[in-house]
1. Does any residue in region 84-95 that is farther than 16 Å from Asn39 by Cα come within less than 6 Å, Cβ to Cβ, of a residue that is open to solvent by less than 70 Å² (accessible area, probe 1.4 Å) six or more places away or on a different chain, and which pairs are these?
2. Determine whether region 29-48 contains at least one residue that is open to solvent by less than 70 Å² (accessible area, probe 1.4 Å), out of contact with any Phe, Trp or Tyr (no Cβ under 7 Å at 6 or more places or on another chain), of a type in the set (S, T, N, Q) and at pLDDT 90 or above.
3. Do we have any residue at all in region 274-290 that's under 25 Å from His228 (Cβ atoms), outside any helix (DSSP H, G or I) and open to solvent by less than 100 Å² (accessible area, probe 1.4 Å)?
4. Just name the residue that is least open to solvent (accessible area, probe 1.4 Å) out of those in region 194-215 that are among the basic types (Lys, Arg) and over 30 Å from Arg151 (Cβ atoms).
5. When you look at Arg246, is it in contact (Cβ under 8 Å) with a residue 24 or more places away in the chain, open to solvent by 90 Å² or more (accessible area, probe 1.4 Å) and part of a helix (DSSP H, G or I), yes or no?
6. For region 124-151, give me the residue count where each residue is open to solvent by less than 10 Å² (accessible area, probe 1.4 Å) and touching a residue at least 40 places away in the same chain (Cβ under 8 Å).
7. Please go through region 120-160 and give me each residue that is part of a helix (DSSP H, G or I), in contact with a Leu (Cβ under 7 Å, 6 or more places away or on another chain) and not aliphatic (A, V, I, L, M), ordered by number.
8. In this structure, does Leu160 turn out to be buried (at least 19 other Cβ atoms within 10 Å of the Cβ) and either at pLDDT 95 or above or under 27 Å from the mean Cα position of the chain (by Cα) (or both)?
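The values are calculated or read from the model by the stated rules, or taken from the named source; none is laboratory data. Just so it is clear, the model here is predicted, and its values are computed rather than measured. Using ideal geometry, Cβ is built from the backbone for each residue, glycine included, and neighbour counts are taken over all protein chains shown. The accessibility values were calculated without ligands, DNA or RNA, using every heavy atom of the protein model including side chains. Shrake-Rupley method; radii C 1.70, N 1.55, O 1.52, S 1.80 Å.
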Amino acid sequence: MNDEYSELVISQSQLDDIFVVRYLQDLSREAVVVYLWLNMTSRGSAFDEETVKSYRVISESKIKETMAELLGAGLIASSGNKFVLEDLKRREVKDYVAACKAKGEAGDIPGLMSDPEEHKTLTASISKTFFQGRMDYNYYRLIDKCLYEYRFEGTVCYKLFEEGYQNNILRRYNAMAGVASLWFEKGYTTADRLEQYLERNSLKERLVKLCSKTMRKHLTDLDISRIHGWVDNLNANEELVAYAFRVNEFRNNLTLMNIETTLKKWFDLGIDTADKAAKLNEEEHKENQRKSSYRKNRSSGSKWRTGAEAGLAASDAEPVKDEGSSAGESSKPEKKEKASDNAKSKKDDGGIPDDILDMFGDSNEDD
């Protein structure tokens, strides 16, 4: 062990508690190891990737990825071609001052948790319910930010910690702060608006389970995104999706695209309940039967049928001749008789016609 590392081993490094509370749980193993070494060796000086490489504590192939993670977490900052450690305490004090200013400005806004007693009651309830009375001060800061900077109602602030507990992110400060920021950006600052948002999220989760169970398959991220779009864009609900599966059950290879096409048709027609969809399906079925019957009748009417097939008696099946056709047909036998007589006269005269003999006169008279 060289002299430099020998001094590191016997020296003492200070690590901010805020790092442990706010950042540690969200970092990868490589990022934690590198940050600890940077905190131990940099001592306020700049460093680069070669510095990290010299530690030999992580694979060289992961150095760039790890530095990007620390940079994204706000634990280091870029300075030209180098990096420096962020002063977490200084940034915390700066954020605290901004929160105090926001708290003072929010004092006159009605409906906010600006009353000290109400604020105290809320924080005590959150600490006792979710942290067994030992809530870290960072979460007190988060409560202040929600109430005075984001303008959350007290019930919304409490719901934030309830959601964090149910989704297993309660001990991850950055994740909790991210949810609070998302709610603020979406405008879910009141109990009513937040309830609508949470209900839509719950509906999406139920539809994902319904589709996965019905299709008996594990859904991909793309499948889940498509199902979420049914709620956001097609106003779908559990009843409609379940009935859409029934309507398409005749398909051999049923896909989510088939369900989406059906839901889109109903959405374009203003159908928002399964009862309305069933009524439309019944009407379409009757219309298809009517068209099928019409085509069948036209097809059968174009074929020749016997009198028996048409339901006529034998006498009725005989063709009826009009007078014109009778006259024409009766004249044909007379023509045949004349032709027969002419042929007979030709045979009697030796096959020579009478009109040719007349041209030379009667031979018997000359004699």
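1. Listed by first residue and then by second, the contacts come to Glu92/Ile18.
2. No, the conditions are met nowhere in region 29-48.
3. no
4. From region 194-215, those among the basic types (Lys, Arg) are 200, 204, 206, 209, 213; that's our starting set.
Filter again for over 30 Å from Arg151 (Cβ atoms), leaving 206, 209, 213.
On the way: Arg206: 79, Lys209: 148, Lys213: 165 Å².
The residue in question is Arg206.
5. Numbers: in contact (Cβ under 8 Å) with a residue 24 or more places away in the chain: no; open to solvent by 90 Å² or more (accessible area, probe 1.4 Å): yes; part of a helix (DSSP H, G or I): yes.
No.
6. 3
7. Hits for region 120-160 are Phe130, Cys146, Gly154, Cys157, Tyr158, Lys159.
8. Working: buried (at least 19 other Cβ atoms within 10 Å of the Cβ): yes; either at pLDDT 95 or above or under 27 Å from the mean Cα position of the chain (by Cα) (or both): yes.
It is true that Leu160 is buried (at least 19 other Cβ atoms within 10 Å of the Cβ) and either at pLDDT 95 or above or under 27 Å from the mean Cα position of the chain (by Cα) (or both).
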